[in-house]
Amino acid sequence: MKKVSLEMGSGGRLMQEFINEKLLPLFKNPYLKVLHDSALLPDSLALTTDSYTVDPIFFPGGDIGTLSVNGTVNDLVVSGARPEYLSLALIIEEGLEMEILEKILASIKRTASRNRVKIVTGDTKVVPRGQADKIYINTAGIGHLVGRPRPEKIKPGDRLLVTGPVGEHGLAIMLARNNFRMSSRVRSDCGPLLFLLPLWKKGVLWMRDITRGGLATVLSELAGKIGFPVLVEEEAIPVSRALKGAIEILGIDPLYLACEGRALIVVKESEAKRVLNILKKQAPSRQAAIIGEVQDRIGRKGEALLRTSSGGLRLLEPLTSELLPRIC
Amino acid sequence: MTPRKPSKEPFSDWRSGSTVKGILEAIRRETRGLDRPLRIMEVCGTHTMTLYRSGLKPLLREAGVVMISGPGCPVCITPDYYHEAIIDLVTSNNNILIATFGDLTRVPTARGSLQTTVPSAGSEIRIVYSPEEALELAQKNPGKEVIFFGAGFETTIPAIAFTVKRAASENLKNFSLLAALWLIPPALKAILQSGQVAIDGFIYPGHVSVIIGQQAYRFVAEEFRTPGAIAGFEPADVLLGILSVVRQIKQGRPEVANEYRRVVQVEGNPVALALMAEMLEPYHADWRGLGHIKNSGLRLKPCWQALDAVRKFDLALQPGKSLQSSCRCGEVLKGLLEPVDCPLFGRVCNPDHPLGPCMVSYEGACLIEYKYSSGAKKK
């Protein structure tokens with residue numbers, strides 16, 4: 001008997017298969033088919049939803065409350081929409097301390113006002129002890145389009161940018177669970193990407209927030225979508241020093257670690273420097289960098305390639321087996 | 001002369017493009033004029049990983065060196081019947097807790113994998129990151145029999161032996177070890193004796209060598225006149241090892257070079273070796289692909305039998321039928337076949353649906369090829 005595996009929810013290939021083979025044929029419609037981070041609806045509306053099951057619920061740099069607002073806001077931003085209204089559904093395990101719940105709600109309030117979104121509807125369910133783990137949150141978000149992703153316009157020479165150091169959320173969660181018994185100064189990058197909205201008018205062709213599966217999975221997705229290979233330079237990808245130290249010990253590839261406040265952006269070649277300068281002037285993206293470009297000479301159609309610091313070329317496959325469930 | 005300021009990043013010097021380029025150029029100079037490419041086996045899966053992750057393999061080919069992956073992945077060479085014995089045990093007994101490393105749970109066998117197995121009531125299979133964690137599980141679950149299924153080479157064996165010793169000294173009655181412990185030098189001997197693979201030289205595993213030392217490979221140079229070098233795991237480390245082997249080949253002077261001197265001593269780690277000798281004894285073991293090899297496995301000595309899962313649960317470690325007759329992991333492990341030349345590779349065997357252990361393990365040659373090689377056949 002076939003059973004659901006953790007990998008099916010990992011954001012990797014098995015999840016893609018599940019969506020393509022089970023969900024799409026069943027709910028067939030033109031809005032779903034696009035499979036962007038949000039559905040683009042009539043009247044320039046964008047709608048998205050996401051569930052949050054992170055374990056532990058408090059981690060360095062954030063908590064399940066900040067995550068549940070930022071994650072949904074970010075999905076709208078990278079779809080070209082200004083987030084406006086959010087729904088909030090709580091599934092709570094019986095016995096959760098009220099103080100913890102209040103702390104999470106305060107986080108949600110703070111993050112929502114920071115993102116200038118209103119929470120306008122919601123739902124509360126409590127399930128018997130053991131039938132959920134502390135608290136799960138679902139949010140849906142709606143907003144109006146201020147720009148539109150145009151992956152079909154991407155051509156060789158266009159530049160790839162990341163908005164900051166990669167992998168910090170994934171590692172922060174991993175260490176917070178303490179399975180490895182080591183500590184580090186790495187904090188989650190959980191944060192809003194609202195500051196990217198104006199860039200839609202400045203030559204940006206495509207954005208994607210880097211979540212599960214990390215930068216490598218997003219790059220591989222992009223390459224599959226546009227029909228050209230993409231090539232990034234290992235040396236150019238920003239990775240914080242604290243993260244570097246920890247991943248050396250654990251033997252983890254930072255390109256597969258999740259972020260919760262970073263995006264990959266594809267910009268027209270002629271506008272790349274200007275967009276980079278705008279990013280570098282803002283606090284959350286001060287360490288933004290141009291990491292590579294869309295290719296027509298190196299690599300094959302659909303491949304994401306990395307030029308390693310040693311000068312060799314390496315393929316970047318999407319994440320296949322789950323590094324760690326429940327990171328968001 | 002002022003000493004050079006140490007680099008800020010821990011390994012950047014060992015990875016930098018300019019260092020790598022320099023060593024590659026030195027290798028190219030040595031191979032110039034040879035009538036065929038040199039064939040060097042990297043024994044250790046972690047070296048395979050370095051070569052692919054840094055993209056060095058094609059660059060080495062251009063420089064006249066073909067790298068062949070060896071049997072150095074413990075998950076890959078552990079025969080199926082270990083997994084099957086565990087599956088039998090957890091499906092027919094209650095309150096058994098199997099603690100093991102993540103890769104081992106995904107190896108497919110005729111009876112499924114540990115991951116797909118549904119254990120009996122109260123039994124479970126738990127992933128741990130160290131043998132010590134398995135010991136703690138035994139302390140925390142006195143009502144369960146905790147069995148640590150540990151596969152490893154000399155690198156991990158001392159830690160496993162130490163854990164068993166601790167369990168004995170703490171008089172833990174509910175802990176035992178299923179040992180899939182393998183020794184590298186006998187496997188090298190078997191590969192050389194079989195004569196099936198043309199090998200001009202070896203890159204010896206760096207961390208195995210930390211334990212067993214430089215002298216353990218002397219027979220390769222002396223008996224088989226085959227060059228070799230111990231190497232570390234950064235790109236420049238591996239290339240320095242290769243350069244040394246290429247030079248030995250050219251000069252016709254095989255030896256055991258040590259290019260990982262920052263951690264490997266001539267005599268290895270005497271404390272670890274003494275602990276292994278105290279707890280374990282060699283036996284003639286089966287390796288997937290390589291077959292029965294004299295004195296190539298380690299098991300607990302009879303005096304520790306209370307902690308030996310094979311004796312405690314009367315496990316039948318018998319060769320059974322193999323799962324996929326067309327899976328050619330065995331030949332990949334011997335260096336006879338490149339992963340891409342296996343008819344299953346990328347088509348029906350991939351990381352989501354692995355048909356053999358080499359596509360499961362992070363040190364497996366097939367998974368590494370699939371993940372890191374541009375243009376590798378897919379789907």
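Table for the structure above
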{"read-out": "Cα-only Debye scattering, the stretch B:46-113: base-10 log of I(q)/I(0) at q = 0.12, 0.26 Å⁻¹", "value": "-0.50, -1.14"}
{"read-out": "Förster radius 51 Å - calculated FRET efficiency between A:Arg116 and B:Ser326, Cβ distance, rounded to 0.05", "value": "0.30"}
{"read-out": "Loop trypsin sites (Lys or Arg not before Pro), the stretch B:225-313, which have at most 14 other Cβ atoms in a 10 Å radius of their Cβ (DSSP)", "value": "B:Arg225, B:Arg261, B:Arg262"}
{"read-out": "Prolate/oblate/rounded call for the stretch A:56-202, Cα gyration tensor, a/c under 1.5 rounded", "value": "oblate"}
{"read-out": "Longest DSSP-loop-exposure-free segment, GluC sites (Glu not before Pro), chain B, at most 15 other Cβ within 10 Å", "value": "B:1-169"}
{"read-out": "Spin-label model distance (nm) - B:Ala277 vs A:Leu41, 7 Å beyond Cα toward Cβ", "value": "7.6 nm"}
{"read-out": "Value of Rg to Rh for the protein assembly as shown (Rh from inverse mean 1/r over Cα pairs, i.e. Kirkwood)", "value": "0.98"}
{"read-out": "Centre separation in Å (Cα based) which lies between the stretch B:191-259 and the stretch A:132-201", "value": "45 Å"}
{"read-out": "Normalised contact order of the stretch A:151-315, rounded percent, pairs of Cα under 8 Å and 6 or more residues apart", "value": "43 percent"}
{"read-out": "10 Å Cβ neighbours from other chains, averaged over peptide A:297-309", "value": "3"}
{"read-out": "Residue-span extension gain [A:Lys153 to A:Gln287] - 0.36 nm each, minus C-alpha spacing", "value": "45.6 nm"}
{"read-out": "Note, ³J(HN,Hα) from phi for the stretch B:232-249, Karplus 6.51, -1.76, 1.60, rounded to Hz, x at Gly and Pro", "value": "x, 10, 8, x, 5, 4, 5, 5, 5, x, 5, 4, 4, 5, 4, 5, 4, 4"}
{"read-out": "Of the trypsin sites (Lys or Arg not before Pro) in the stretch A:1-106, those whose Cβ has at most 13 other Cβ within 10 Å and which sit in DSSP loop", "value": "A:Lys2, A:Lys3, A:Lys28"}
{"read-out": "Base-10 log of normalised Debye intensity for the stretch A:151-315 (one unit scatterer per alpha-carbon) at q = 0.08, 0.13, 0.16 Å⁻¹", "value": "-0.22, -0.59, -0.88"}
{"read-out": "Using a Förster distance of 60 Å, the FRET efficiency for B:Val197-B:Ser169 (Cβ separation, nearest 0.05)", "value": "0.85"}
{"read-out": "Non-local Lys pairs in the stretch B:37-370, i.e. 8 or more apart or on different chains, that have alpha carbons under 17 Å apart", "value": "11"}
{"read-out": "Footprinting exposure proxy for A:Ser188, B:Ser120, A:Ser309 (fewest neighbouring C-beta atoms within 10 Å first)", "value": "B:Ser120, A:Ser309, A:Ser188"}
{"read-out": "Percentage relative contact order, chain B, counting C-alpha pairs under 8 Å, at least six apart", "value": "20 percent"}
{"read-out": "Built amide H within the under 5 Å cut-off of A:Ile291, gap 5+", "value": "A:Leu160, A:Leu161, A:Val162"}
{"read-out": "Rounded FRET efficiency, nearest 0.05, which uses the C-beta distance separating B:Arg253 from B:Asp352 and R0 of 60 Å", "value": "0.80"}
{"read-out": "Volume per residue that the Cα convex hull of the stretch A:17-74 spans, once the total is divided by residue count, Å³", "value": "104 Å³"}
{"read-out": "Order of B:Val146, B:Val266 - criterion: other Cβ atoms within 10 Å of each residue's Cβ, fewest first", "value": "B:Val266, B:Val146"}
{"read-out": "Hydrodynamic radius of chain A per Kirkwood, over alpha carbon pairs, in Å", "value": "20.2 Å"}
{"read-out": "Alpha-carbon centroids, the stretch B:24-102 and the stretch A:41-89: separation in whole Å", "value": "42 Å"}
{"read-out": "Size of charge dipole - chain B - debye, nearest 20, with Cβ of Lys, Arg +1 and Asp, Glu -1, no other charges", "value": "840 debye"}
{"read-out": "Simple label model, 7 Å out from Cα along Cβ direction - A:Leu24 to B:Asn94, nm", "value": "4.8 nm"}
{"read-out": "For B:Ala285, distant residues with modelled amide H under 5 Å away", "value": "B:Ile293, B:Asn295, B:Ser296, B:Gly297"}
{"read-out": "Estimated Rh, chain B: Kirkwood, alpha-carbon pairs, angstrom", "value": "21.7 Å"}
{"read-out": "For the stretch A:1-117: rounded, prolate or oblate by the Cα gyration tensor [a/c cutoff 1.5]", "value": "oblate"}
{"read-out": "Environment charge at A:Gly292 (Cβ cut-off 11 Å; Lys +1, Arg +1, Asp -1, Glu -1)", "value": "-3"}
{"read-out": "Prolate/oblate/rounded call for the stretch B:115-221, Cα gyration tensor, a/c under 1.5 rounded", "value": "prolate"}
{"read-out": "Loop-located GluC sites (Glu not before Pro) in the stretch A:93-129 whose Cβ has at most 15 other Cβ within 10 Å (DSSP)", "value": "A:Glu94, A:Glu97"}
{"read-out": "Karplus 3J(HN,Hα) series, Hz, for the stretch B:336-341 with 6.51 cos²θ - 1.76 cosθ + 1.60 (x for Gly, Pro)", "value": "7, 9, 7, x, 5, 8"}
{"read-out": "Amide H contacts under 5 Å for A:Ile135, placed H, 5+ residues apart", "value": "A:Glu93"}
{"read-out": "Phi to ³J(HN,Hα) by Karplus 6.51 cos²θ - 1.76 cosθ + 1.60 over the stretch B:197-203, Hz, x for Gly, Pro", "value": "10, 7, 10, 8, x, 10, 9"}
{"read-out": "Fewest-first ranking of B:Asp103, A:Asp43, using other Cβ atoms within 10 Å as the exposure measure", "value": "A:Asp43, B:Asp103"}
{"read-out": "Relative contact order (%) - criterion: Cα under 8 Å, at least six apart; region: the stretch A:36-145", "value": "43 percent"}
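Bear in mind that the values in this text are calculations on the coordinates, not laboratory data. This is a predicted model, so every value here is computed, not measured. Note that each Cβ is placed from the backbone with ideal geometry, even for glycine, and that neighbours are counted across all protein chains shown.
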